[in-house]
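Below is one structure, written out as C-alpha cells, with a few remarks after it.
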Amino acid sequence: MKKWIPIIAIAAILLLWGIPTYNSFVSLDEDVGAQWGNVESSYQRRADLIPNIVNTAKGYAEFEQETLIKVTEARSKATSVTIDPSNITPEQLAQFQEVQNGLSSALARLLAVFERYPDLKANENFKELINELERTENRINTERNRFNETLNPYNEKTRSFPSVIIGKAFGFNKKPYFEAEEGADQAPEVDFDFGN
C-alpha cells in the first residue's frame with residue numbers, strides 16, 4: 001500500500017493542476033471564438049452594404065457595368081470563405097484575408113470610378129452609404145485588432161511551460177494573428193497634380 005502513496009500523490013497533483021489549466025484553455029479559446037464572431041460580423045456588415053451601393057450607383061453609371069460586376073463577384077468570393085475559429089490555420093486566415101483584400105480593392109476601384117459622376121456624389125443616399133461603409137471599414141480594423149489582442153493570452157498559454165503539456169494533449173494549438181497586408185510598411189505615393 002505504501003508504494004502506491006507516491007503514485008496517488010503525483011496523480012492528485014496532476015489532476016489538481018491539470019483541470020484548472022484545461023479550463024483556462026477552454027475559457028481563452030471561447031474568448032477567441034467570440035472575438036472572431038465580431039470580426040466576421042464586421043465583414044458581413046460591409047458585404048451587406050455593397051448591394052445597396054451598387055444598386056444606387058447603377059442608375060448613375062450605366063457605362064461602368066464591368067466595375068459593378070467585379071465588385072459583386074468580389075463580394076461573392078469574400079462571403080464564401082468561412083473559418084472555424086477553434087481550428088483556424090495560417091493558410092485559412094491568409095485565404096480569408098486574400099478574398100477580403102480583393103473586395104477592398106474592388107470597392108476602391110468602384111469609388112474611384114464614381115468620382116467622375118458628380119450627380120452620384122451629390123446623391124444623399126449614396127453619400128450615407130459611403131459614410132456607413134467608411135464607418136464599417138473602421139469597425140473591421142478595430143475588431144481585427146481586438147481579435148489579435150484576445151488571441152495573445154491564448155497563444156502565450158499554448159507555448160508556456162507547463163501549460164503546453166495540457167495544451168498539446170487536448171489540441172489547443174497556437175493560432176495565427178491578423179497581419180498587415182503586404183506592402184503596408186511602404187508609404188503610399190500621393191500625387192497632387194490635378195491635371196494642371
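Quick notes on this one:
- Filtering the range 118-151 to residues that are of a type in the set (S, T, N, Q) and within 16 Å of the chain's Cα centre (by Cα) leaves Thr136, Asn138, Asn141, Thr142, Asn145, Asn148, Thr150.
- Failed condition for Tyr43, given (1) surrounded by fewer than 11 Cβ atoms within 10 Å (Cβ to Cβ); (2) of a type in the set (Phe, Trp, Tyr); (3) over 28 Å from Ser163 (Cα atoms): (1)
- Set side by side, the residues Asn141, Asn125, Asn131 differ, and just one is of a type outside the set (Ser, Thr, Tyr) and in contact (Cβ under 8 Å) with a residue 24 or more places away in the chain, which is Asn125.
- Looking only at residues of the range 55-74 that are out of contact with any helix residue (DSSP H, G or I) (no Cβ under 7 Å at 6 or more places or on another chain) and within 21 Å of Arg45 (Cβ to Cβ), we find that the one that is modelled with the lowest pLDDT is Asn55.
- Test: residue in the range 27-47 that is outside any helix (DSSP H, G or I) and either closer than 30 Å to Lys168 by Cβ or modelled with pLDDT under 90 (or both): no
- Residue selected from the range 57-74 under the condition of a type outside the set (Gly, Ala, Ser) and outside any helix (DSSP H, G or I), by the criterion nearest to Ala122 (Cα to Cα): Tyr60
- Evaluation of Glu181 against the conditions (1) in contact with a helix residue (DSSP H, G or I) (Cβ under 7 Å, 6 or more places away or on another chain); (2) modelled with pLDDT of 90 or more; (3) of a type in the set (D, E, K, R); (4) exposed (fewer than 13 other Cβ atoms within 10 Å of the Cβ) shows that the sole unmet condition is (2).
One line per residue, one yes/no per condition, for (1) of a type in the set (Ser, Thr, Tyr); (2) assigned to a helix (DSSP H, G or I); (3) exposed (fewer than 12 other Cβ atoms within 10 Å of the Cβ):
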| residue | (1), (2), (3) |
| --- | --- |
| Lys121 | no, yes, no |
| Phe126 | no, yes, no |
| Glu137 | no, yes, no |
| Arg146 | no, yes, no |
| Thr150 | yes, yes, no |
| Tyr154 | yes, yes, no |
| Phe161 | no, no, yes |
| Ile166 | no, yes, no |
| Phe172 | no, no, no |
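- Residues that are under 13 Å from Gln44 (Cα atoms) and assigned to a helix (DSSP H, G or I) within the range 75-95 comprise Arg75, Ser76, Lys77, Ala78, Thr79, Ser80, listed in sequence order.
The values are calculated or read from the model by the stated rules, or taken from the named source; none is laboratory data. Computed from a prediction, not measured in an experiment: that's the story for all the values here. Glycine also receives a Cβ, built like all others from the backbone with ideal geometry; neighbour counts cover every protein chain displayed.
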